[in-house]
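What follows is a single structure, written as structure tokens, with notes after it.
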Amino acid sequence: MDSSSIIAFVPCRKGSQRVKQKNIKRFADIEGGLTRIKMQQLLECDRIDRIVISTDDEEVIKICEKVLSGTSKSYEIDRRPKELATSETSTDDLIKYVGDLIPEGNILWTHVTSPFINADIYADAITVYQQSKQEKRADSLLTVTKHQKFYWNSDSNPINYDRSIEKWPRTQTMDPIYELNSGIFLCDASIYRNLKDRVGKKPVMYELKERHALDVDWEEDFELAEILWLKNMGKDIKI
């Protein structure tokens, strides 16, 4: 695997606390659920050279192997150590682990809990990343969701507009705030080793629509995602 390769890294630990077995439970009548959907999306993205699944869940392994075995896509199942597969595991510690696990290439960190980030979105994000690096405008990429709403801090003060100028400005005139939605983190493996991070010093922000950025974290998210999936299948959301 050469230094220009794109390696998708998918952390998928067992034991979700908010949504029981959310990674593998049936989703929108799809056996294998979110894990099967994500493997299929990554498999269909020609720009991704290799897939690395890091998990402590035997059911996740079975689903991944069922989708990926027999295909031309290179993949690896990493049986993650128990100490890095708990709800208390630090993301910083996992980043250090990934730096050792994938020492070379460009690491595209993504999650099965983002079912609406499909093969086309991955391909476009990779193109933006590579062009930005070539033009020396960025060293990494992360996905964001743009918000132009009324945001206040805990001191009851607005943080994205000035009430001394205009108490209730039109939202479209506000300075946008960008939420890091954790859909994609993309950078060279050297950043993991040198900065101990999954994003560099000069990332390009890749904006996702809110429906594409939806992350399944709570039971309500799971239910909403199922509704959106069933409504949009066959249109602009692909598996």
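Coordinate-derived values only; no laboratory data. For clarity, every value in this text was computed on a predicted model and none was experimentally measured. Cβ sites come from the backbone with ideal geometry, for glycine too, and all protein chains shown count toward neighbours.
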- Item | Three-way shape call for the range 1-125 based on the alpha-carbon gyration tensor, with the a/c threshold at 1.5 | oblate
- By how many nm would the segment from SER74 to LEU224 grow when fully extended, if each residue of separation counts as 0.36 nm and the alpha-carbon distance is taken off? 50.7 nm
- Query: Restricting the count to DSSP beta bridges whose residues both fall in the chain, what percent are antiparallel, rounded to a multiple of 5?
  - Reply: 40 percent
- Query: How far is the Cα center of the range 90-168 from the Cα center of the range 7-41, in Å?
  - Reply: 21 Å
- Query: Of the peptides 134-143, 30-39, how do they stack up when ordered by the mean number of other Cβ atoms within 10 Å, highest first?
  - Reply: 30-39, 134-143
- Can you give the direction-averaged projected area of the convex hull of the alpha-carbon atoms in the range 64-191, in nm²? 12.2 nm²
- If amide H atoms are modeled at 1.01 Å from N in the peptide plane, then the residues at a separation of 5 or more from VAL204, or on another chain, having amide H under 5 Å from its own are ASP139, SER140, LEU141, LEU142
- Note on the structure: In Å, the C-alpha Rg and Dmax of the chain are 18.8, 64
- Return the calculated 222 nm mean residue ellipticity for the chain, to the nearest 500 deg cm²/dmol, obtained by summing -39500 (n - 2.57) across DSSP H runs with n ≥ 4 and dividing by the residue count. -9500 deg cm²/dmol
- Which of ILE107, ILE126, ILE227 moves most in a GNM of the chain, Cα contacts under 10 Å? ILE227
- 23 Å tail of the calculated P(r), the range 149-239, as % of Cα pairs: 54 percent
- Task: Can you tell me the relative contact order of the range 117-239? Whole percent, Cα pairs under 8 Å, sequence separation 6 or more.
- Result: 33 percent
- Task: Order the peptides 185-195, 15-25, 153-163, 67-77 from the highest to the lowest mean number of other Cβ atoms within 10 Å of their residues.
- Result: 185-195, 15-25, 67-77, 153-163
- Relative contact order (percent) for the range 6-232, with alpha-carbon contacts under 8 angstrom and 6 or more residues of separation? 24 percent
- Query: What is the sum of charges around ILE126, taking Lys and Arg as +1, Asp and Glu as -1, for the other residues whose C-beta is under 12 Å from the C-beta of ILE126?
  - Reply: -2
- Query: Among all helices in the chain defined by DSSP H, which have a length of 18 Å or more along the axis from Cα atoms plus a Kyte-Doolittle mean of at least -1.0?
  - Reply: 119-134, 219-232
